[in-house]
Amino acid sequence: MTKRGAIFMNCTDGLIDLFRKARFIAALGFFGILISANAQDIKVGYFELQPRSILGKAGNAEGSAIERFIDIAKNMGMNPVFVYYPFARMMFELEHQNIDVALIMGKSPEREAKFYYPTLPFYTVHAGLIVRAGSPLTTIKSSEDIKPFNVGAMLGAALTPTMRDDGIRKEFLSGENFYIRNIEKLLLNRIDAVYASDQDEARMHLKALGKEKEARVIALPDPPTKLFNVFNKEKGVLWGEKYLQALEAVTKEKGDYGGKAP
């Protein structure tokens with residue numbers, strides 16, 4: 001074979017090798033697309049809890065908790081499908097197994113009897129009350145300190161031990177934007193306080209409304225509240241362990257969620 005022929009053959013062999021590699025890479029990419037397309041859906045209920053979970057203007061789910069759950073679902077090899085509900089409706093849909101999991105729920109004996117709670121929380125918060133700036137309520141040592149006052153809360157909220165005292169007068173509000181609506185009631189003197197499961201979130205709402213000088217947040221004397229992503233009973237048995245592994249893996253990679261939001 002001539003030198004020119006040898007060079008031609010080497011070039012040809014190289015091109016064939018490159019073609020084979022390119023075809024292999026393309027096949028891998030196509031296979032990856034198929035895997036993604038065939039990922040099992042997980043139907044996720046959420047309610048408006050800014051800035052963690054928000055119904056966007058285009059009707060899509062937004063917020064830090066939504067983004068973190070997407071990471072967890074991907075680690076599980078699943079495709080999250082988010083569905084918005086007011087909180088009480090979300091609880092109904094979960095109980096009747098019309099959704100697989102509900103985001104950001106506190107724990108109570110009644111809920112534990114109905115739903116599957118993972119052993120690890122999604123994040124941890126400290127509860128408090130929002131009161132008017134001139135309120136005589138300055139510190140809370142027990143439920144007795146709250147009994148002279150009328151407290152607004154979200155319908156279906158998981159109350160802390162202090163707030164479960166039947167002697168505390170509570171007005172429950174359903175529907176959307178419960179925080180903002182309750183703060184408006186507070187500033188109109190229609191209620192005396194607003195129950196907030198997360199003090200930091202309560203302060204964020206006051207700041208967003210420009211009401212930081214008109215109202216303040218005081219702590220409840222309860223231990224930190226653990227909040228969970230909660231499965232219906234059937235899907236909890238199927239996916240509970242996979243979810244825990246994914247939660248731990250994502251937390252290890254990206255850090256504790258509660259420390260990053262709001």
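A 1.4 Å probe, protein heavy atoms only, puts the accessible area of Leu159 near 30 Å².
Label separation (Ala58 vs Met204): 2.2 nm, computed from points 7 Å beyond Cα along the C-beta direction.
Looking at segment 61-214, the accessible area is 47 square angstrom per residue; that uses a 1.4 Å probe and ignores ligands, DNA and RNA.
Amide H contacts of Ile191: Leu186, each under 5 Å away and 5 or more positions distant or on a separate chain (H built 1.01 Å from N in the peptide plane; Pro and chain starts excluded). Here the 3J(HN,Hα) profile of segment 103-113, calculated from phi with Karplus coefficients 6.51, -1.76 and 1.60 at θ = phi - 60°, is 7, 6, 10, x, 10, 8, x, 5, 5, 4, 6 Hz, Gly and Pro shown as x. The portion of the accessible surface of segment 91-175 made up by carbon and sulfur, rounded to a whole percent, is 52 (1.4 Å probe; DNA, RNA and ligands excluded).
Suppose R0 equals 22 Å; then what is the FRET efficiency for Glu176 and Leu137 from their Cβ-Cβ distance, rounded to the nearest 0.05? Taking R0 as 22 Å, the efficiency between Glu176 and Leu137 is 0.20.
Averaging Cα coordinates gives a centre for segment 73-105 and one for segment 199-229; these two points are 25 Å apart. Amide H contacts of Met154: Leu173, each under 5 Å away and 5 or more positions distant or on a separate chain (H built 1.01 Å from N in the peptide plane; Pro and chain starts excluded).
Accessible area per residue of segment 217-262 at 1.4 Å probe, in Å²?
Details: 2380 Å² over 46 residues.
For segment 217-262, the per-residue accessible area is 52 Å².
The values are calculated or read from the model by the stated rules, or taken from the named source; none is laboratory data. Everything quoted here is computed from the prediction, not taken from an experiment. Counting neighbours? That spans all protein chains shown, and the Cβs are built from the backbone with ideal geometry, glycine included. We work out accessible area using only protein heavy atoms, side chains counted, and drop any ligands, DNA or RNA first. Shrake-Rupley method; radii C 1.70, N 1.55, O 1.52, S 1.80 Å.
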